[in-house]
Structure formats: C-alpha cells, structure tokens
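> One structure follows; several queries about it will come next.
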Amino acid sequence: MDGIKFINSKHIQHHLREIDYRLSSEQILFLLLNNHFMTVDERIAALRELKETAPNDKLVSITNKFFEELVGIRLHDFIDSYLKNLNRHIAFLKEEDKRFCYQLYGLSDSCKYKLIGSFQNYENSHNRIEEESDCYNYFKLKKIPFEDAFDREYFRQKYMELPYAEAYIDKSLVLMDCFANDTNSKPQDHYTDSMYITIPLPFRKGDIVRFRASPWIEMTDKEKKSEYSVFHSYAPTEDSLHKYQGTDRSDMYYCGYRPKKHGFKLNYYDFFCFDIEYADSAEIKGHNKRLKALSAVLKEK
C-alpha cells in the first residue's frame, strides 16, 4: 500500500520518494488516522485496505501504560477497534434523543463558523445544510444536551464531562470528520495519542515553512490557514517532549520561529508536522517578510 500519498505535504512526499523511503504499516496507520483532508468514508476504506494488505504484526509504537488496552495490540485488532469506536461516534451523532438538540454552524471564506440555527434532530439539521449549501462551504454540527444549549459558559466548563458529538460536513453532505464524548466510546485521538511515530522530514533549521490547514478547520483569521514560520527543529527531541493526559504527543509537533509585533517567538506548534511545506517566497508578505532575514541568519550559523 502506498502510504506516502496520505501525507498532505508535497515536499515531504517528494523527499520520501527521493530517498526511496518505505513506510511501515504502522506509520501508514498513523498517517491515515491523522489525515484531516480525507473524508470519513475515504479513511474507513483506506483502513480496510491496510488491514487486507498488511501483516497482522504487533504495534511497537505503543508503549505508554496509560493506554494499557492498546499496548501489544496487533494491527488488525487496532483497526477493528478504531472503526468500531468511530461507528459508535457516528451512531451517537445521528441517534434521536429528546434530551439533546443540534446546533448547526456554517463556515465561509471568513474562516469562522457562524451559527445558523438549532434543531431537534439530525435529519432536520441535515436538511438545512442542503438549503444553505450556496452560502457556506463547510458546516459544523454539534449535538449537545438540550438544557445546556443556551448556557455556553456552563458547557464550556463541563464539556469534557458532558455527552456530546461534533461533526464536520461539506456542502455536498459528505461527512469530513466526527467525534463524540459519551460513555460507550473513547475520543478518537485516544488512538493517535497512544502511538509514537517518526518519519524523515526534509526541513532544516532556517527553512521557511508553511502549515497547510484543513479547509474545514476554524481559524481566527485567514492568515492562520497558511501560517508561516522559520523551521527550528522537528520534535521529538529531549527538550521538546509534550505531555497530554500522561502521553507523549511530540511526534505531532514541530518547533519554529513565528513573527510577533516586535521580534520573533519560538513556538512548539501543535500543528501536525507532516502537513508543512516549504513556503513560496512570493507568498511571504507583510510582517512575515521578517522571516526571510531570520532565515538567512540561522542558515549562516
């Protein structure tokens, strides 16, 4: 199975093909679970193909005892568990329950979701997407407890404890992503958090890179859809280990310098590091132009 095609960076793809790098089935699995440019159906189909074509080896990247039920698991069992969990999320999203309501948001070129309305069930909200498809490119659908629908502060404080579901849908009614918090399933990132994966990157200190955000991800402004930085290092490194619920997520991070109002700031980006590309010099404008000078200085060292 050609797993390189699931990397969202043409420059990383080119680098891996140039050095004739062969991804393991475990690396391909990790990339599939983290690819936010695929639809849910595309991810499911790719995971099933991986299960059919890859040997049922034990996953060696999961060693953290926080995920004790996944330590030592075999590839096929991992895929089955993930798909079963994903199907629970989708079922919970669509299941009609008078204790819940649905809030529908639309995403246009403004990069922020706008509330369209509240609905009693999934079908009604889904029908509204068809009506609004000329106005928005993507939609966010939230299923939340009815009594909390109008108490945003309470929901913000308690959302990790309350049952809810959230889905992203394009204007053609294609499901892009879905996750839920309920007693019968685990968060989707429970699976990717457990894995510690590294893949060779072509970037070196001083390179100006651009992050490619998924088109349906909400950003505070348009610039963050293509955020620029001067590449410093690829986490994991001994001094850049990030802990999240007792797990190591540093395989998803990279470290870079971002322009501030005065000077620069060294950030550990929580963006997925396999989605970054070399920046086109012609695209670097405004305050980002300062990155060129910093890049030159770092490359001289």
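> So is F92 under 23 Å from A180 (Cβ atoms) and open to solvent by 50 Å² or more (accessible area, probe 1.4 Å) or not?
Working: under 23 Å from A180 (Cβ atoms): yes; open to solvent by 50 Å² or more (accessible area, probe 1.4 Å): no.
For F92, the condition - under 23 Å from A180 (Cβ atoms) and open to solvent by 50 Å² or more (accessible area, probe 1.4 Å) - is not met.
> Taking the range 57-75 only, how many residues are open to solvent by 60 Å² or more (accessible area, probe 1.4 Å) and either in contact with a Gly (Cβ under 9 Å, 6 or more places away or on another chain) or more than 29 Å from Y164 (Cα to Cα) (or both)?
Filtering the range 57-75 down to residues open to solvent by 60 Å² or more (accessible area, probe 1.4 Å) leaves 57-58, 60, 63, 65-66, 68-69, 74.
Applying the additional criterion that residues be either in contact with a Gly (Cβ under 9 Å, 6 or more places away or on another chain) or more than 29 Å from Y164 (Cα to Cα) (or both) yields 57-58, 60, 63, 65-66, 74.
Residues in the range 57-75 being open to solvent by 60 Å² or more (accessible area, probe 1.4 Å) and either in contact with a Gly (Cβ under 9 Å, 6 or more places away or on another chain) or more than 29 Å from Y164 (Cα to Cα) (or both): 7 in total.
> Under the condition of being among the acidic types (D, E) and surrounded by 18 or more Cβ atoms within 10 Å (Cβ to Cβ), which residue from the range 198-229 is modelled with the highest pLDDT? Steps first, please.
Keep residues of the range 198-229 that are among the acidic types (D, E), which gives 207, 218, 221, 223, 227.
Subset that is surrounded by 18 or more Cβ atoms within 10 Å (Cβ to Cβ): 207, 227.
On the way: D207: 93, E227: 78.
Looking at the filtered set, the residue picked out is D207.
> Also: Would you call T237 modelled with pLDDT of 80 or more, closer than 25 Å to R22 by Cα and among the polar types (S, T, N, Q)?
On the way: modelled with pLDDT of 80 or more: no; closer than 25 Å to R22 by Cα: yes; among the polar types (S, T, N, Q): yes.
Criteria not met by T237.
> Quick one: is F78 modelled with pLDDT of 90 or more, touching a strand residue (DSSP E or B) at 6+ places or on another chain (Cβ under 7 Å) and crowded, with 20+ Cβ neighbours inside 10 Å? Let's see the steps before the verdict.
On the way: modelled with pLDDT of 90 or more: yes; touching a strand residue (DSSP E or B) at 6+ places or on another chain (Cβ under 7 Å): no; crowded, with 20+ Cβ neighbours inside 10 Å: yes.
Criteria not met by F78.
> Within the range 1-53, which residues are closer than 15 Å to I199 by Cβ, among the aliphatic types (A, V, I, L, M) and open to solvent by less than 70 Å² (accessible area, probe 1.4 Å)?
Answer for the range 1-53, where residues must be closer than 15 Å to I199 by Cβ, among the aliphatic types (A, V, I, L, M) and open to solvent by less than 70 Å² (accessible area, probe 1.4 Å): I4, I7, I12, L16, L23, I28, L29, L31, L32, L33.
> How about the range 1-45: which of its residues are β-branched (V, I, T) and touching a Pro at 6+ places or on another chain (Cβ under 8 Å)?
Restricting attention to the range 1-45, the residues satisfying the condition of being β-branched (V, I, T) are 4, 7, 12, 19, 28, 39-40, 44.
Selection gives I12, I19.
> Considering only residues that are among the hydrophobic types (A, V, I, L, M, F, W, C), open to solvent by 50 Å² or more (accessible area, probe 1.4 Å), farther than 14 Å from T39 by Cα and modelled with pLDDT of 70 or more, which ones fall in the range 133-185?
Result: C135, F146.
> Out of N121, N87, N64, report the one residue that is over 27 Å from E26 (Cα atoms) and polar (S, T, N, Q). Step through it out loud before you land on a result.
Values: N87 fails: over 27 Å from E26 (Cα atoms); N64 fails: over 27 Å from E26 (Cα atoms).
The match here is N121.
> Among the numbered criteria (1) in contact (Cβ under 8 Å) with a residue 60 or more places away in the chain; (2) not in a helix (DSSP H, G or I), which single criterion is violated by K142?
(1)
> Which number in (1) open to solvent by 70 Å² or more (accessible area, probe 1.4 Å); (2) at pLDDT below 85; (3) of a type in the set (D, E) marks the one condition that D280 misses?
Of (1) open to solvent by 70 Å² or more (accessible area, probe 1.4 Å); (2) at pLDDT below 85; (3) of a type in the set (D, E), only one is false for D280: (2).
> Which number in (1) closer than 27 Å to E42 by Cβ; (2) modelled with pLDDT of 90 or more; (3) open to solvent by 20 Å² or more (accessible area, probe 1.4 Å) marks the one condition that L115 misses?
It is condition (1) that L115 fails.
> Same structure, new question: Could you please find all residues in the range 100-112 being of a type in the set (G, A, S) and at pLDDT 90 or above? Break it down stepwise before answering.
Step one: list which residues in the range 100-112 are of a type in the set (G, A, S), which gives 106, 108, 110.
Correct list: G106 only.
The values are calculated or read from the model by the stated rules, or taken from the named source; none is laboratory data. Computed from a predicted structure; not experimentally measured. Methodologically, a virtual Cβ is constructed for each residue, glycine included, from the backbone with ideal geometry; neighbour enumeration extends over all protein chains shown. What goes into the accessible areas is simple: the full protein's heavy atoms, side chains included, and nothing from ligands, DNA or RNA. Shrake-Rupley method; radii C 1.70, N 1.55, O 1.52, S 1.80 Å.
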